[in-house]
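Coordinate-derived values only; no laboratory data. Everything numeric in this text was worked out from a predicted model, so none of it was measured. All Cβ positions, even for glycine, are placed from backbone atoms using ideal geometry, and neighbour counts span all protein chains on display.
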Amino acid sequence: MTPHYCMYIDGKWVDADDVYELRSPATEELIATVAKGDVSHVDAAVAAAKGTFDQGGWRNTAPAERAALINTVAERLGGRVDELAALQSNENGATIRITGAFHIGLSVAQLQYLAAITEQYQWETSGPAIEPVAAEGVVVREPLGVVAAIVPWNIPLLTTVWKIGPALAAGNSVVLKPDEHAPLLALELAREFESAGLPPGVLNVITGDGEPVGAHLAGHPDVRKVAFTGSTAVGKSILRQSADNIRRVTLELGGKGANIILDDADIDMAVDGALFACMANNGQACEAGTRLLIPSSRREEIVAKLLNRAATLRLGDPMDPTTHVGPIISATQRDRILSYFQIAAEEGATLALGGKAPDGPGFGKGYWVEPTIFTDVTNDMRIAREEVFGPVLVVLTYDSDDEAVQIANDTGYGLSAGVWGSEPRALQMARRLESGMVWVNNWHVIHPAYPFGGYKESGLGREGGPDALGEYTEEKFIALDRSGGIENKAFAIVIDPES
Ligand code: NAD
C-alpha cells in the first residue's frame with residue numbers, strides 16, 4: 001500500500017482535496033502520495049503558529065527544556081538513519097552513499113550542536129553601569145515570532161534543520177514549507193517533534209507549490225522572518241516581498257564554485273577532489289565546485305587524469321551502494337541541463353566527456369544525465385557563469401595565481417570555493433576568494449560549528465555555526481534606573497525642576 005502523508009497544522013495531521021504523486025526520479029515508481037495544500041492551509045498554519053507564540057507556552061519554557069526536546073529529536077532521527085537515508089534516496093535520487101552520512105547524519109549532528117549551544121547561550125546579559133543616568137543595563141534575547149522556513153528538494157533535511165532547529169531552540173513558532181518534489185523528510189521530522197512532545201502550533205508543515213503557496217507564506221503579514229534556501233530568483237522575490245513589513249530574511253541561494261588546482265598540488269588527490277566537489281549529490285548541490293581552474297603549465301596532465309578518473313564514475317540506481325551518480329530530480333531539470341550542452345557547444349567549449357542522457361538498460365525510466373566535462377571553457381561563457389545544477393564540470397586554465405583569483409571572483413555568486421596546493425600559498429589564495437566557504441585540499445566540508453552561506457548573490461546571513469541563534473532572536477536593551485528621586489536624574493537638560 002502506498003503511504004499517504006498529510007500536512008501538520010496546529011498539532012493535527014491535515015489532509016487536502018488535492019494530492020501530489022511522488023515518484024522516484026530513478027524509476028518513476030510511485031513512492032507516496034502527499035496532501036497538496038493551498039493558501040488557506042498557510043493561513044491556518046500561520047494563525048496556529050501566532051496563536052501559540054502569543055500564548056507564550058513554548059517561548060517561556062527554560063532554554064534547557066527546549067534543548068532537551070531537540071536532543072530527543074536528534075536521538076530519534078539518529079536511530080532511523082538507514083531507514084531515512086533510503087527514503088531520501090528514493091525520493092530525490094541522492095545516492096545512498098551520501099544520504100546516510102551527509103543528509104541524515106549531518107542533520108542529527110546539527111540538532112545536537114544546537115541543543116548544546118542553546119544551553120550555553122547568553123539569553124540575558126548585564127552590561128556596564130550607565131553613567132551619568134545611573135542605570136543598569138540588561139540585554140535580553142527574545143524570539144522573533146512566526147518564522148517561515150522554505151526549503152528545496154536537493155538536500156531537504158539539512159536545509160530544514162538549519163532553519164527550524166535554531167528557530168525552535170530560540171522559542172519561535174515555525175511554518176515550514178518543503179519543496180513539492182521532496183517533502184517527506186520534513187514530515188518525518190515533524191512526526192518526531194510531535195512524539196517528543198512539542199506543543200501544538202509551534203511547528204507546522206505545509207506541503208504545496210512554490211506559487212502560490214510558498215509565495216503566500218513568504219509574504220504573510222504575521223511572519224516575522226523568512227528563512228529560505230533555493231534559487232536566487234525566488235530569493236530576490238522574497239527579499240522584495242519582505243520590504244512591506246521589514247521582516248527578517250536569511251537566504252541561501254545558488255553558486256558557481258571555483259575550484260583551483262595550484263601547480264604544486266597533489267594532482268591525483270586534486271582530481272578526485274574535483275570530481276567529488278562537482279558530482280556529489282548528482283551535481284545538484286548549491287555548494288558544488290562547478291568551475292575547475294587549472295594551471296596552463298600542467299593542463300594536459302591534469303585533463304588526462306581527470307577524464308580517466310571521471311570515466312570510472314558509475315551512473316545508476318541511487319539505492320545501490322556502488323553507484324556514484326544518481327538521477328536528476330525531474331524531467332524539467334534534466335532538459336534544462338541538456339539545453340546547456342547545446343549552449344556550451346555553440347559558445348566554443350569542447351565536450352570531453354558525457355554530454356547527453358544515457359541510453360541502455362537501467363535508463364529507460366527516470367531522468368538521467370551522464371557525468372559531463374567541458375574543456376576549453378572561458379569565464380565569459382554561459383556554461384561558466386550560470387548555475388546548471390547537474391553533474392557538469394567546466395575546465396578553465398590560468399597562467400598565474402593572480403589570474404586564478406581574478407577568474408574565481410569574476411562571478412555574481414560567492415558561496416563556495418576551493419584551493420588544492422601547499423601552504424602557505426593555498427591558504428593565502430583562500431583569503432583572497434570572495435566566498436562564504438573556502439576549502440583547502442578538500443570540498444563539502446560542512447560542520448555544525450561553522451557557518452554555511454554565501455557572499456554576493458549567493459545569499460544573506462549564515463546558517464549553522466555559533467551565531468545560529470542570533471539569526472532567530474531580537475535583542476532587547478532594558479535600562480533600569482534604580483537611583484530614585486527626580487533630583488538624581490538628568491531631567492534638567494530638558495525639564496526645569498519644580499521650584
Ligand atoms: P526554487 O527556488 O524554485 O525552490 C525552492 C523552494 O522555494 C521550494 O520549496 C519551492 O516550492 C519554493 N518556492 C518556489 N517559488 C517560490 C516563491 N515565489 N515564493 C516562495 N517560495 C517559492 O529552487 P529549485 O530550483 O527547486 O532548487 C534549486 C536551487 O536552489 C538552485 O539554484 C540551488 O543552488 C539552490 N540551493 C541553494 C542552497 C544553499 O544552501 N545555498 C541549497 C540547496 C539549493
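Taking the DSSP beta bridges with both ends in segment 104-246, the antiparallel portion is around 25 percent. For Lys456, a cut-off of 12 angstrom between C-alpha atoms picks up these aspartates and glutamates, skipping any fewer than 8 places away in its own chain: Glu252, Asp410, Glu434. The phi-based Karplus calculation (6.51 cos²θ - 1.76 cosθ + 1.60; θ = phi - 60°) puts the 3J(HN,Hα) values of segment 437-452 at 10, 10, 9, 9, 6, 5, 7, 6, 7, 10, 9, x, 7, 10, x, 10 Hz, whole numbers, x for Gly and Pro.
Estimated at 0.36 nm per residue, the fully extended path between Arg482 and Val19 surpasses their Cα-Cα distance by 160.6 nm. Taking 16 Å as the straight-line reach from the Cα of Lys356, the lysines in range (excluding those fewer than 8 positions away in the same chain) are Lys365. Counted over segment 276-406, the DSSP beta bridges are approximately 25% antiparallel.
Packing here is the average count of other Cβ atoms within 10 Å per residue, and on that basis the peptides 170-179, 482-491, 254-263, 329-338, highest first, run 170-179, 254-263, 329-338, 482-491. Which of the three applies to the chain, rounded, prolate or oblate, going by the alpha-carbon gyration tensor with a ≥ b ≥ c and a/c under 1.5 meaning rounded? Verdict is oblate for the chain. Each Lys and Arg contributes +1 and each Asp and Glu -1, all at the Cβ; summed about the Cα centre of segment 84-212, the dipole is approximately 300 debye. For segment 211-272 and segment 14-72, what is the separation of their C-alpha centers, rounded to whole Å? Each part's Cα centre sits 21 Å from the other's. Amide H of Leu293: which non-local residues (sequence gap of 5 or more, or other chain) have their own amide H closer than 5 Å, using H built in the peptide plane? It is Asn259, Ile260, Ile261, Leu396, by chain and number. Checking the a/c ratio against 1.5 first, then a/b against b/c, what shape does the Cα gyration tensor give for segment 310-349? Judged from the Cα gyration tensor, segment 310-349 comes out oblate (a/c at least 1.5, b/c at or above a/b). Ranking Tyr413, Thr323, Cys286 by how far each Cα lies toward the positive end of the dipole of the chain (charges on Cβ) leaves Thr323 at the top.
The C-alpha atoms of the chain define a longest principal axis, and helix 331-347 lies at about 60 degrees to it. Label-to-label distance for Arg80 and Ala116 is 2.4 nm, based on points extended 7 Å past Cα in the beta-carbon direction. The amide H of Ala16, built 1.01 Å from its N in the peptide plane, has Lys36 as neighbours under 5 Å, considering only residues 5 or more places off or on other chains.
For segment 177-234, the calculated P(r), taken from all Cα-Cα distances in 10 Å bins from zero up to the bin holding the longest distance, is 20, 48, 29, 3 percent. Basic side chains Lys and Arg get +1 at the Cβ, acidic Asp and Glu get -1 at the Cβ, and with that the dipole of segment 184-305 about its Cα centre reaches some 600 debye. Within straight-line reach of Lys36, meaning a Cα separation under 20 Å, sit the following lysines at least 8 residues removed in sequence or on another chain: Lys12, Lys177. Taking every DSSP beta bridge that has both ends in the chain, the antiparallel portion is near 40%.
Between Thr312 and Leu351, what length in nm is gained on full extension when 0.36 nm per residue of separation is reduced by their alpha carbon distance?
On the way: separation 39, 0.36 × 39 = 14.04 nm, distance 1.73 nm.
Length gained, Thr312 through Leu351: 12.3 nm.
Residues within the reach of a label modelled at Ala243 (point 7 angstrom out along Cα to beta-carbon, backbone nitrogen below 18 Å), restricted to segment 449-477, are 457, 460. For the chain, the residue among Ile260, Ser435, Ile9 whose Cα projects farthest onto the positive side of the dipole built from Cβ charges is Ile9. Here the 3J(HN,Hα) profile of segment 159-168, calculated from phi with Karplus coefficients 6.51, -1.76 and 1.60 at θ = phi - 60°, is 5, 6, 5, 4, 9, 6, x, x, 4, 6 Hz, Gly and Pro shown as x. Given +1 at the Cβ of Lys and Arg, -1 at the Cβ of Asp and Glu and no other charges, the dipole of segment 346-458 around its Cα centre is 460 debye to the nearest 20.
Given R₀ = 41 Å, what would the calculated FRET efficiency be for Ile343 paired with Asp43, taking r from the Cβ atoms and rounding to 0.05?
Details: r = 42 Å, r/R0 = 1.02.
Here the calculated transfer efficiency is 0.45.
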